[in-house]
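Taking it in order: structure first as structure tokens, then the write-up.
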């Protein structure tokens, strides 16, 4: 879902840059001097894993593929603000080093594929976990939040494309959302698998302070 | 040792990026597919703001395509790992 330079109008990509800078700037401000010793290696491994996971495109439906985003997974371990920073670093690296996503459109990509999941997805997960209770709630929470993070990302993307005059909304929205409703299942699956593995092997890592 | 767990995680990521990625689906992703179907894919071509060293996750100039892709994955994972650790250290208590 990485939007390349040229897909968005100047107004839209500029607005998305502003929104992302504001949110990530806030995240940096609130995270500064808050991370503990255990957070650092966790951030390293999660960043490495998410980067790798985003390379693993899986076929979905005829002639299309999808991959995990990882925002919810990262937020479950680190909390919404630190996760937002990690995902931002990820998208910057992908755009700058690997031409995956444009530079003008980096603000939109950070927002769509990162911030929606790390922040919106986190609170959805958190709410469900609280309501359904502990471990079971955690799994249901990550499954739903993960799926939603992908679907909402595709929704935001469709809206940005339409607002840019690139493609009409009545075409973009159903097209993007229908494919990503399936791709979202990949997100749920991998997130559940990783969380489940850590819960079994090192549950303490799920109890880091969430920032 | 506690660190073993994190190293294990890093190794898994390295394996995913340098080996498993070679078997990833080459099909266009959701956005590309919609862009193709509705004919706005060209809007994203030739408008790159900058040129990246490893476009499309391949190291240019290496003849063996498998090696070129594998190395790019490896570099990406290590780069992300180091940057994330660096950011974490800066933001630490």
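Some points to look at:
- Of the residues making up the stretch B:42-71, those that are outside any loop (DSSP other than H, G, I, E, B), surrounded by 13 or more Cβ atoms within 10 Å (Cβ to Cβ) and within 7 Å of chain A (Cβ to nearest Cβ) are B:43, B:44, B:55, B:57.
- Looking across B:86, B:9, B:76, one residue alone is at pLDDT 95 or above, surrounded by fewer than 18 Cβ atoms within 10 Å (Cβ to Cβ) and assigned to a helix (DSSP H, G or I). It is B:86.
- Of all the criteria given as (1) buried (at least 21 other Cβ atoms within 10 Å of the Cβ); (2) without any contact (Cβ under 8 Å) to a residue 40 or more places away in the chain; (3) part of a helix (DSSP H, G or I); (4) facing chain B (nearest Cβ under 10 Å), the one not satisfied by residue A:157 is (2).
- Residue A:48 vs. criteria crowded, with 24+ Cβ neighbours inside 10 Å, without any contact (Cβ under 8 Å) to a residue 40 or more places away in the chain and at negative phi: yes
- Test result for residue A:151, within 12 Å of another protein chain (Cβ to nearest Cβ), in contact with a helix residue (DSSP H, G or I) (Cβ under 8 Å, 6 or more places away or on another chain) and more than 23 Å from residue B:39 (Cβ to Cβ): yes
- None of B:36, B:32, B:27 is in contact with a strand residue (DSSP E or B) (Cβ under 9 Å, 6 or more places away or on another chain), more than 7 Å from chain A (Cβ to nearest Cβ) and within 28 Å of residue A:154 (Cα to Cα) except B:32.
Per-residue answers, yes or no, for (1) under 18 Å from residue A:26 (Cα atoms); (2) without any contact (Cβ under 8 Å) to a residue 12 or more places away in the chain; (3) more than 8 Å from every other protein chain (Cβ to nearest Cβ):
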residue	(1), (2), (3)
A:52	no, yes, no
A:56	no, no, no
A:63	no, yes, no
A:66	no, no, no
A:70	no, no, yes
A:77	no, no, yes
A:80	yes, no, yes
A:84	yes, no, yes
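- Of the residues making up the stretch A:126-138, those that are part of a helix (DSSP H, G or I) and farther than 15 Å from residue A:81 by Cβ are A:127, A:128, A:129, A:130, A:131, A:132, A:134, A:135, A:136, A:137, A:138.
- Residue list for the stretch A:84-117, restricted to those being within 9 Å of the chain's Cα centre (by Cα) and farther than 18 Å from residue A:160 by Cβ: A:84
- Residue count, the stretch B:20-41 (criterion: farther than 15 Å from residue A:61 by Cα and exposed (fewer than 15 other Cβ atoms within 10 Å of the Cβ)): 4
The values are calculated or read from the model by the stated rules, or taken from the named source; none is laboratory data. All figures in this text were calculated on a predicted structure; none of them were measured in a lab. Neighbour counts run over all protein chains shown; Cβ positions are idealised from the backbone, glycine included.
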